[in-house]
Amino acid sequence: MSVLEVRAYPGPSGSDGAGPEIRTYHGRPVLKQPVWRPEIPWYFFVGGMAGAAAPLAVGAGVSGRRALARRAWILALAGVGISPVLLISDLGRPERFHNMLRVFKVTSPMSVGSWALAGFGTATGLAVGNELLGLPGGAAAKPVAAALGPVVSTYTAALIADTAVPVWHEARTELPFLFAATSAASAGAALTLVTPDAEAVPARRLAVAGAAGALGLLQAMERRLGPLGEPYREGDAGRFGRAAKALMGAGALGLAAFGRRSRAAAAAGASAVLAGAALERWSVFRAGFQSAADPKYVVGPQRARVEARGAGVGGAQVGPAGGAGRVNGGD
Amino acid sequence: MGFFTDTSVCIGCKACEVACKEWNQVPEDGLEFTGQSYDNTGALGASTWRHVAFVEQGSSDDMDFRWLMSSDVCKHCTSAACLEVCPTGALFRTEFGTVVVQEDVCNGCGYCVAACPFGVIDRREEDGRAWKCTLCYDRLKDGMEPACAKACPTDSIQFGELDELRERARGRVQELRADGVADARLYGDDPDDGVGGFGAFFLLLDDPEVYGLPPDPVSTTRDLPAIWKSTALAAGALVAGVAAALVGGRR
């Protein structure tokens with residue numbers, strides 16, 4: 001028995017006594033579609049990459065890899081510079097962007113993230129000023145950037161998981177790890193492209209490990225979600241997701257096998273991982289829209305919970321469990 | 001304070017929709033025919049704060065037919081996800097226990113839209129901000145009942161203290177059942193439900209999903225502690241992964 005069988009318009013005469021089919025109001029969605037535009041998945045990609053680049057920059061600096069450290073700081077700054085532009089452009093009232101820092105609310109991942117991004121951006125700016133221009137403040141700013149970066153990479157998963165959108169909320173356990181892995185893959189791949197061979201090893205490793213981690217997490221997530229994970233496999237989300245897996249898989253394999261020997265192979269592998277990581281953000285983003293649009297993903301699991309409790313909503317007794325619209329005597 | 005909407009006496013006149021629009025000066029929300037019974041409003045939204053649902057069940061051929069009508073509205077949840085996720089503090093809880101958007105603060109981030117388990121609040125595209133029922137905050141402050149309840153000709157929409165409304169609603173269910181309406185049930189009257197009880201609850205004659213309502217809504221923020229825990233672990237894993245990539249092997 002599937003909890004995801006839809007019957008758009010039930011009536012007594014249409015009642016076939018079959019299992020718990022899903023009833024809807026004229027087949028209409030229960031939830032509103034998210035209003036977020038393409039800026040948001042691009043922000044997930046760019047901001048996530050910047051967040052992962054900062055701890056790598058600090059580690060590279062500490063371990064004496066100056067070229068890698070410098071490039072990682074620049075990548076972090078570029079990412080954290082683009083991020084607010086994307087975010088502000090997505091607002092309905094961009095001129096009120098500063099209201100994001102009007103309060104701090106731990107119940108709002110967007111509030112936490114805004115403060116984290118503001119802090120991360122400031123610290124990264126100071127770190128880059130120190131790294132490239134020798135300005136003061138680097139010693140204090142660098143560890144702060146390294147600590148806030150991973151928050152910026154992962155809070156976006158908390159943000160979408162903390163919604164009523166079925167495939168985002170239900171994937172709340174895996175999404176933060178998926179976003180961490182995808183961020184690591186993006187930062188590693190981007191830095192593989194621009195770092196001289198002598199210091200590129202950590203970047204390549206990060207790209208390969210991030211991509212492998214993302215693939216494993218996607219597998220685990222889809223297996224656990226079962227039929228509820230359907231939107232991740234269908235439509236745009238499915239197409240983006242399959243391309244993401246193919247690109248990240250092939251790119252990571254290429255990087256691992258030939259990245260050390262051939263500069264061209266490393267560049268090709270890194271580009272594939274980078275493209276795959278971006279597509280993975282798009283897949284998750286689109287899947288949310290698809291699941292919010294179809295009432296079966298909203299009503300199905302909730303109806304199953306009600307049936308499992310064996311009582312009506314809110315403790316009030318219901319009529320026949322899952323009964324199709326029954327006619328009351330003419331009153 | 002809140003609403004009890006007794007759908008068993010709703011006659012589908014849409015006076016509530018009109019009164020709400022007029023009082024709150026809510027802009028036009030589309031003039032189109034849906035072909036879905038008498039419902040040409042469709043759903044609640046940024047410019048639709050009351051919505052009358054029309055459900056036709058059965059077939060008129062054999063006279064085995066009934067019409068369900070129900071005026072839907074923002075639930076003013078006790079545990080309101082929209083309010084909790086709002087990053088600007090634009091959404092707040094009033095002294096009446098209702099949930100209201102401050103239009104001079106909202107920056108249109110859209111988080112509340114994705115968080116609402118009922119699909120109530122939405123962003124008005126031409127305006128950029130999120131809008132929904134205020135339970136006539138201005139009228140309440142002046143001691144008046146909300147416009148929709150005032151306009152309802154059958155008292156299907158009742159306004160008052162929630163405890164009193166709940167008691168009245170339970171009595172009404174008993175009454176209907178005694179009259180043979182076995183499917184009468186309350187929706188959203190339990191303070192222990194997934195959203196801590198609705199500030200606007202309903203008497204329905206069929207499953208909630210038949211009216212376009214979620215059968216077991218849960219505020220997403222109930223899971224937020226677990227979400228933050230996963231997120232913290234994932235951020236830690238990211239740092240560990242970066243550290244691992246840096247140690248050992250050639251430079």
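Looking only at the range A:59-74, residues that are surrounded by fewer than 24 Cβ atoms within 10 Å (Cβ to Cβ) and assigned to a helix (DSSP H, G or I) come to 8 in all. In the condition set (1) modelled with pLDDT under 95; (2) away from chain B (no Cβ under 12 Å), A:Asp197 is compliant with all but (2).
Within the range B:227-251, being closer than 13 Å to A:Arg172 by Cα and either facing chain A (nearest Cβ under 7 Å) or surrounded by 24 or more Cβ atoms within 10 Å (Cβ to Cβ) (or both) holds for B:Ile227, B:Trp228, B:Ser230, B:Thr231, B:Ala234. Elements of the type strands (runs of 3 or more DSSP E) sitting completely within the range B:1-109 and holding at least 3 residues that are within 17 Å of the chain's Cα centre (by Cα), more than 10 Å from chain A (Cβ to nearest Cβ) and touching a residue at least 12 places away in the same chain (Cβ under 8 Å): these cover B:2-6, B:50-59, B:64-73, B:99-101. When the test is whether a residue is free of Cβ contacts under 8 Å to residues at least 60 places away in the same chain and within 8 Å of chain B (Cβ to nearest Cβ), A:Leu175 does not pass it. Can you spot a residue in the range B:130-150 that is facing chain A (nearest Cβ under 7 Å) and either surrounded by 23 or more Cβ atoms within 10 Å (Cβ to Cβ) or part of a loop (DSSP other than H, G, I, E, B) (or both)? Within the range B:130-150 (the criterion being facing chain A (nearest Cβ under 7 Å) and either surrounded by 23 or more Cβ atoms within 10 Å (Cβ to Cβ) or part of a loop (DSSP other than H, G, I, E, B) (or both)), the answer is no, since none of the residues qualifies.
Assess whether A:Thr156 counts as being facing another protein chain (nearest Cβ under 8 Å), closer than 24 Å to B:Ser79 by Cα and polar (S, T, N, Q). When the stated conditions are applied, A:Thr156 does not pass them.
With respect to (1) surrounded by 21 or more Cβ atoms within 10 Å (Cβ to Cβ); (2) assigned to a loop (DSSP other than H, G, I, E, B), the lone exception for A:Gly113 is condition (2). Applying the condition of being touching a His at 6+ places or on another chain (Cβ under 9 Å), at the interface with chain A (Cβ under 7 Å from one of its Cβ atoms) and not in a loop (DSSP other than H, G, I, E, B) to the range B:186-226 and asking which residue is surrounded by the most Cβ atoms within 10 Å (Cβ to Cβ) yields B:Thr220. Of the residues making up the range A:151-160, those that are in contact with a Phe, Trp or Tyr (Cβ under 8 Å, 6 or more places away or on another chain) and in contact (Cβ under 8 Å) with a residue 24 or more places away in the chain are A:Val151, A:Val152, A:Ser153, A:Thr154, A:Thr156, A:Ala158, A:Leu159, A:Ile160.
The values are calculated or read from the model by the stated rules, or taken from the named source; none is laboratory data. The model shown is predicted, which means the values in this text are computed figures rather than measured ones. FYI the Cβ positions are ideal-geometry reconstructions off the backbone, even for glycines, and counts take in every protein chain you see.
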